[in-house]
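The values are calculated or read from the model by the stated rules, or taken from the named source; none is laboratory data. For clarity, every value in this text was computed on a predicted model and none was experimentally measured. Here the Cβ positions follow ideal geometry from the backbone for every residue, glycine too, while neighbour counts run over all protein chains shown. Just so you know, the surface numbers come from the protein's heavy atoms only, side chains and all, with ligands and any DNA or RNA stripped out. Shrake-Rupley method; radii C 1.70, N 1.55, O 1.52, S 1.80 Å.
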Amino acid sequence: MADTSQAIGWLGVPLAIIAGTMRGGTPFLFVSLGECLTEKSGKINLGLEGTLLTGAMAAYAVSYLTNSPWLGVLAAGFAGAALGAIHGWLSQQPRVNDVAVGIAMIIFGSGVAFFFGKPFIQPKAPQLPTINLGEWSDFPALQAALQISPLFLIGLAIAPIMAWFFRSTRWGLFIRAVGDSPEAARAMGVSIFNVRMFSVIAGSFLAGIGGAALSLYYPGLWTERISSGQGLMAVALVIFARWNPIMCLWASLLFGGAQALGPALQSIGIKEGYYLFNAAPYVLTLLIMIFTCSPKRTLSGVPGALGTDS
Amino acid sequence: MALSQSWRRTLESLCLSFGAILAGILLFGVFCALAGTNPFAVYGSIWKAAFGTWSTFQNTLVRAAPLMLSALCTALPARLGLVIIGNEGALVVGGLAAVSMGLAMGTAFPPFIVQVGMAIAGMIMGGIWIGAAGWLRHYRGVNETISSLLLNYVAIALLNHLVGGPLRDPSSLNKPSTFPLAEVNMLGSIPGTRVHWGLLYGLIACIIAYFLMQRTTFGFAARTAGGNIRAAKIAGLPVGKLTVMICFLAGTCAGLAGMVEVAAVQGAANESLNVGYGYGGILVAFAARHNPLAAVLISLLVGGILASGGILQRAHGLPDATVLIFQGLVFLMVLYSDSLYGKFGVFKEKPIMIEPPAPPPPSPGQEPVMTV
């Protein structure tokens, strides 16, 4: 990577950022869509950070053991769903705060991931195949940037499907009703518990797949530091995206690009302030929240029952 | 009457807290059994490593000190109804500020003055860090949980930047660190022990926090605002100032924890600053139900869990993440126990025993009319 980017010099930075929007954006995309689904039903899941780590570990381990990365992706989804089941059940008990459960699930989920992932730090697991759109180019950097993962394409497809699901299907209506006005949902004869359970579990399934994107696509390895807060940023990202799946897609790409800034500058030899550039996504999230939130009005698009006890 | 009611309520919350911790320990045993180790041997090892002998108990105390301080960072704002989890970030910036101050003052001043300077620097920096989250919450409506979490990552990036560049000691090769503090400026040990004075800081901070929240008008105002923010505003309480003040105080505690870690344990700032006192402190605060005095006891317990990480690895071949799973299970159980309030009849106030007047015995032929 280093020698090729020297060849194209400064051009490497925008290129790496564009590549980063797709590569680094993929986990964001899955986690934020999962969180969007969860929050639409009126519950917050802060524990997706733990889910992401567990998903990354499960994907890597299963891919290594079975030699099939796609089985790994599936395993990541189910591992995430299992954690989601704990969260969905516990956070719906009376007087139990869903934010606190999320924090506990971050600790528990990362514990599970590191505990079972320990033996898999060394070995190299087979990675997901990529679709190489950059074959025509002579620049290896451009080729690397245009390696598109099928996971990214799947995420790209899920966003509009989820928007359509919320807008035009019966089940989508149930979820929105439970999230906006549990009373009305109860009057419709919908089981609030079951709908929220489904939303949290399905959302965690998606977040688990986001973890698979980390360990099987980019950066494509399993270490204990593979997720550095992406699961938490997804919560902020959903607020930024106004609980709209399509907006989640654009926001994920933006965050993926911000994340690529630090490594991109490092690859062209700017070592000064490398760690500070790594903080770019967090600072960006904070700034976005500062500018989009207001104490005077509730945000447009926020599910009515979000963060309440009902 | 009122006394007995509050007594029963205290007993209920004590029993539920301890029951939850016990249940967490049991679940952890089940987990160990599933992972293929003997849970009783693991319990034995943890007990020995955490509380078994005076020598090992001192290790627990050393770890309990920053936990107490870090727990206050979550417990104080919780009284205002805020969930702040920026403990780790405030601890890291507090440690950084303390080191910078300690290095800047060097040996030009008496050690005591330097220590006070380091403590104040750490506290102010930590206070600003969490105070900012409180300010954003009140004046910009930014969710304090998320903003404090993001600030954690910003703090860690700042730490990596400073120990990797401007403040780096070139002789620290394997583990980038800042230049070490002068030996004389380090916090010493309490005489007769290996436990540093930070433990005393933690104890005093918890006691002050308790009295501040429970026995002063300031604490009363904060609790009122936490109970019903609209009522507090109507009553004329300066909710915004209260929020920023409480968050600032919370941050000073975590910043002091960072100073203690730097000036008593590490001797320099490096990545060991974020080794889990942040999340541990959150667990302590929730398990103590945000009561600063209870936090002292729970800190000992969690400190013991942290202290046993090494032996779990050496004696049982369990990875160090086992400690995380243990903490997570206890945390989940503590949260679950919140839903059990009022479920046990033992803790319920007995209905007032006034014998209802006995119905007059029905005279024959005059059976009571059953109304349907």
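Residues that are aromatic (F, W, Y) and within 13 Å of chain B (Cβ to nearest Cβ): list the helices (runs of 4 or more DSSP H) wholly contained in the range A:237-310 that include at least 2 such residues.
Numbers: elements: A:245-267, A:274-278, A:280-292.
The helices (runs of 4 or more DSSP H) meeting that bar are A:274-278, A:280-292.
Where residues in the range A:202-231 are within 14 Å of another protein chain (Cβ to nearest Cβ) and open to solvent by 40 Å² or more (accessible area, probe 1.4 Å), which of them is modelled with the highest pLDDT? Out of the qualifying residues, it is A:T223.
For every residue, the table says whether it meets (1) buried (at least 18 other Cβ atoms within 10 Å of the Cβ); (2) more than 14 Å from every other protein chain (Cβ to nearest Cβ); (3) aromatic (F, W, Y); (4) closer than 30 Å to B:G81 by Cα.
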{"residue": "B:R140", "(1), (2), (3), (4)": "no, no, no, yes"}
{"residue": "B:S147", "(1), (2), (3), (4)": "yes, no, no, yes"}
{"residue": "B:N185", "(1), (2), (3), (4)": "yes, yes, no, no"}
{"residue": "B:G188", "(1), (2), (3), (4)": "no, yes, no, no"}
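Here A:A234 qualifies as in a helix (DSSP H, G or I), within 14 Å of chain B (Cβ to nearest Cβ) and touching an Asp or Glu at 6+ places or on another chain (Cβ under 6 Å). Just one residue in the set B:L249, B:L256, B:L273 is in contact with a Phe, Trp or Tyr (Cβ under 9 Å, 6 or more places away or on another chain) and crowded, with 23+ Cβ neighbours inside 10 Å; that residue is B:L256.
Tell me which residues, restricted to the range A:91-119, are of a type in the set (A, V, I, L, M), open to solvent by less than 10 Å² (accessible area, probe 1.4 Å) and at the interface with chain B (Cβ under 7 Å from one of its Cβ atoms). Spell out how you get there, then give the answer.
Filtering the range A:91-119 down to residues of a type in the set (A, V, I, L, M) leaves A:96, A:99-101, A:103-107, A:112-113.
So of that shortlist, the ones also open to solvent by less than 10 Å² (accessible area, probe 1.4 Å) come out as A:96, A:100-101, A:103-107, A:113.
Result: A:V96, A:A100, A:V101, A:I103, A:A104, A:I107.
Candidates B:G251, B:G226: the one that is touching a Cys at 6+ places or on another chain (Cβ under 8 Å) and either assigned to a helix (DSSP H, G or I) or over 18 Å from B:G131 (Cα atoms) (or both) is B:G251.
Would you say B:L82 is touching a Gly at 6+ places or on another chain (Cβ under 8 Å) and within 19 Å of B:G122 (Cβ to Cβ)? In short, no.
Any residue at all in the range B:4-22 that's of a type in the set (F, W, Y) and open to solvent by less than 50 Å² (accessible area, probe 1.4 Å)?
No, the range B:4-22 contains no residue that is of a type in the set (F, W, Y) and open to solvent by less than 50 Å² (accessible area, probe 1.4 Å).
The lone criterion from (1) open to solvent by 60 Å² or more (accessible area, probe 1.4 Å); (2) at pLDDT 95 or above left unmet by A:S199 is number (1).
For A:N132, indicate whether it is without any contact (Cβ under 8 Å) to a residue 24 or more places away in the chain, surrounded by fewer than 24 Cβ atoms within 10 Å (Cβ to Cβ) and within 9 Å of chain B (Cβ to nearest Cβ).
Considered against the rule, which asks whether it is without any contact (Cβ under 8 Å) to a residue 24 or more places away in the chain, surrounded by fewer than 24 Cβ atoms within 10 Å (Cβ to Cβ) and within 9 Å of chain B (Cβ to nearest Cβ), A:N132 comes out as no.
Could you grab me the full set of residues in the range A:242-258 that are open to solvent by less than 50 Å² (accessible area, probe 1.4 Å) and either over 24 Å from B:A132 (Cα atoms) or at pLDDT 90 or above (or both)? Across the range A:242-258, the qualifying residues are A:W243, A:P245, A:C248, A:L249, A:A251, A:S252, A:L253, A:G256, A:G257.
Being more than 22 Å from the chain's Cα centre (by Cα) and either part of a helix (DSSP H, G or I) or closer than 26 Å to A:I154 by Cβ (or both) is a property that A:L52 lacks.
Only one of B:G164, B:G251, B:G236, B:G202 is more than 14 Å from every other protein chain (Cβ to nearest Cβ), without any contact (Cβ under 8 Å) to a residue 40 or more places away in the chain and not polar (S, T, N, Q); which? Lay out the reasoning, then the answer.
Values: B:G164 fails: more than 14 Å from every other protein chain (Cβ to nearest Cβ); B:G251 fails: without any contact (Cβ under 8 Å) to a residue 40 or more places away in the chain; B:G202 fails: without any contact (Cβ under 8 Å) to a residue 40 or more places away in the chain.
Only one candidate passes the filter, namely B:G236.
Before we move on, is A:P123 within 30 Å of B:F326 (Cβ to Cβ), open to solvent by less than 70 Å² (accessible area, probe 1.4 Å) and at pLDDT below 90? Yes: the conditions hold for A:P123. Pairs meeting the criteria (first residue in the range B:279-297 and in a helix (DSSP H, G or I), second residue at pLDDT 90 or above and among the acidic types (D, E), beta carbons under 8 Å, at least 6 apart or on different chains) are B:Y279/B:E88.
Yes or no, residue by residue, for (1) away from chain B (no Cβ under 14 Å); (2) among the hydrophobic types (A, V, I, L, M, F, W, C):
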position	(1), (2)
A:I44	no, yes
A:E49	no, no
A:G55	yes, no
A:A58	yes, yes
A:S68	yes, no
A:V73	yes, yes
A:A81	yes, yes
